[in-house]
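See below for the structure under consideration.
Only the coordinates and a few stated rules stand behind these numbers; no lab work does. Fair warning: this is a prediction, and the values are worked out from it, not measured in the lab. Here the Cβ positions follow ideal geometry from the backbone for every residue, glycine too, while neighbour counts run over all protein chains shown.
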Amino acid sequence: MEMDFIGKTALVTGSTSGIGRATALKLAERGAHVIVSGRDAERGRATVDAIHQAGGAADFIPANLNDAEDVRELARRALAISGGRVDILVNNAGIFPFGPTPEVSDEQLEAVAAVNVNAPFILVAELAPAMVAGNGGAVVNVTTMVANFGMAGMALYGSSKAALQLLTKAWAAEFGPHNVRVNAVSPGPTRTEGTAGMGEGLDQLASTTPAGRPGSAEDVADAIVFLASDAAHHVHGAVLPVDGGRIAV
Ligand code: NAP
């Protein structure tokens, strides 16, 4: 196992579950000090315990990303824990309420914007300056295949992730010249706690992909870790599909 993240701190939002937790475990395995975050302290503790049991380093900072002040407090505490610089930021936390446009409530509209777009924006605004001033850094955003094409029932969710996809490129332009790489992964149907309720619907969605089946949280985490690593040192502003080939065909 490569230990290429030794000496680096990584903040992974939404690492109490699914893709975020798998990413936190893999970054810690390779030597990163991981800051685990989410709202659920019990699941946060479970992720931190799993990292400690595997010999890694981790802390949990609770945050509700639906609240801008909480997001700023998360950034402040992450900087304090890391000695002033977070090297890797994974904007993974996301919510995905699917459904017809006429049925979207004002509350859902605001929550999707807050969690999927505004929170990554605030975290980059708060954390990128120290990366720029230090040895550089890496940001990996988690978007979705439905940021790339229209699908009924996914207007709100897909559009929020399309914004995050554009932010990925805008930030690559803004911070890339200062040695901060910004990239994204774009998952397709992936088995996590968050999609457990979809049952066979997830298999049906995945049956239209060349791979023919849903991915795992680990499949997506492997791509995130690659983009965060020095192996991707010349990769800026890329959106890497991890969708079984769905947007290719
Ligand atoms: P998941 O199992 O539901 O996990 C979502 C994570 O986000 C949890 O750790 C949750 O933490 C956190 N989160 C949600 N709302 C939050 C809030 N208000 N404040 C703080 N944290 C919050 O989801 P997943 O399937 O792993 O998805 C992870 C990312 O991949 C999301 O951005 C999603 O849009 C994207 N994605 C997933 C799929 C898929 O098929 N699974 C496909 C494409 C894209 P707490 O509950 O502890 O707050």
Checklist outcome for this item: Note, region 98-105: 3J(HN,Hα) by Karplus (6.51, -1.76, 1.60, θ = phi - 60°), whole Hz, Gly/Pro = x, goes 8, x, x, 3, x, 9, 6, 7
Next on the checklist: I'm a student and want to see the number: the projected area of the Cα convex hull of the chain, averaged over all directions, in nm².
Outcome noted: 12.6
Item to check | Assigned charges on the beta-carbon of Lys, Arg, Asp, Glu; the chain dipole about Cα centre (debye) | outcome: 460
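For the residues 127, 79, 167, what sequence is obtained by ranking on other C-beta atoms within 10 Å, fewest first? Please list the in-between numbers first.
Working: 127 24, 79 17, 167 21.
By the 10 Å Cβ count, ascending: 79, 167, 127.
Taking the Cα centre of region 1-121 as origin and charging only Cβ (+1 Lys, Arg; -1 Asp, Glu), how large is the dipole, in debye to the nearest 20?
So the dipole magnitude of region 1-121 works out to roughly 480 debye.
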Checklist entry - Out of residues 5 or more away from residue 242 or on other chains, whose amide H comes under 5 Å of its own, with H placed 1.01 Å from N in the peptide plane? => result 186, 188
Checklist outcome for this item: Residue by residue through region 41-53, the couplings from Karplus 6.51 cos²θ - 1.76 cosθ + 1.60 with θ = phi - 60°, in Hz, x for Gly and Pro, are 5, 5, 5, x, 5, 5, 5, 4, 4, 4, 5, 4, 4
Checklist entry - Cα centroid distance between region 47-123 and region 170-249, in Å? => result 18
Checklist entry - Once amide H atoms are built 1.01 Å from N in the peptide plane, which residues 5 or more positions from residue 39, or in another chain, come under 5 Å H to H? => result 63
Item to check | Normalised contact order of the chain, rounded percent, pairs of Cα under 8 Å and 6 or more residues apart | outcome: 19
Checklist entry - So what J values fall out for region 111-126 if you push phi through Karplus, 6.51 cos²θ - 1.76 cosθ + 1.60 with θ = phi - 60°, rounded to Hz, Gly and Pro as x? => result 5, 5, 5, 5, 7, 7, 10, 5, 5, x, 4, 5, 5, 5, 4, 7
